[in-house]
């Protein structure tokens, strides 16, 4: 079995690079067979400007962990910090506002609204946050340009390829300038060529724009492009 992952020793310099931090996170579910411990006293540091890949067997708790990191679920125990701010102490309304401004999400399926074009889909988080329509459109087009789709801004989802639609989803995740983008099997629904393009895009965004991604994946090629790979096994993270 892989050696258990140990968090880096804290220092002022190291702490300044940590954008997302989890300590002692635990989560369990009651099943007909008894209590299932999905996450057990789990620790994690995410370094700014990197891709962190989390791998593991199906049912190991990867998506549960990602949902907790994204504040979509609350852990039963443990603490969570984003850029030094405690998230586990916030109420639901404050968390909803934080998710809209400081966290981005990409899922296996792009979940674009079919009746809106690419630009309008990317604008959606900004409009929900109350950003002026003209400013929101400008920022959405800029985000689409960053993923190589500036010329496709007025296309409906049905007019885009699967890979293009997923890149629109990445642009939507980036448009608010989040601290971290959390991606759950982002290339899982794409053919190999489109998946490779998406993986290269994520790597280029980290390099050019100092973006930060936490990616749950079964794709070995995507994991190979990550700066760090951790395996979730037995409720804890291990060096992969």
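The values are calculated or read from the model by the stated rules, or taken from the named source; none is laboratory data. What you are looking at is a predicted structure, and each value in this text was computed from that prediction instead of being measured. Neighbour counts are summed over all protein chains in view; Cβ atoms, including those assigned to glycine, are modelled from backbone coordinates with ideal geometry.
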- prompt: Out of all the residues in the range 123-140, which are under 24 Å from residue 199 (Cβ atoms) and at pLDDT 90 or above?
  reply: 140
message: Restricting to the range 1-39, and then to whatever is exposed (fewer than 10 other Cβ atoms within 10 Å of the Cβ) and either assigned to a strand (DSSP E or B) or under 20 Å from the mean Cα position of the chain (by Cα) (or both), can you tell me which residue is modelled with the lowest pLDDT?
response: 34
- prompt: If you check 221, 172, 139, which single one turns out to be under 17 Å from the mean Cα position of the chain (by Cα), in contact (Cβ under 8 Å) with a residue 24 or more places away in the chain and either over 30 Å from residue 27 (Cα atoms) or not in a loop (DSSP other than H, G, I, E, B) (or both)?
  reply: 172
statement: Checked 163, 235, 130, 188 against criteria (more than 17 Å from the chain's Cα centre (by Cα) and within 16 Å of residue 66 (Cβ to Cβ)); the one match is 235
message: Just checking, does the range 132-141 include any residue being buried (at least 18 other Cβ atoms within 10 Å of the Cβ) and either closer than 26 Å to residue 236 by Cα or in contact with a strand residue (DSSP E or B) (Cβ under 6 Å, 6 or more places away or on another chain) (or both)?
response: no
task: Confirm whether residue 179 is in contact (Cβ under 8 Å) with a residue 24 or more places away in the chain, out of contact with any helix residue (DSSP H, G or I) (no Cβ under 8 Å at 6 or more places or on another chain), farther than 17 Å from residue 122 by Cα and buried (at least 17 other Cβ atoms within 10 Å of the Cβ).
output: no
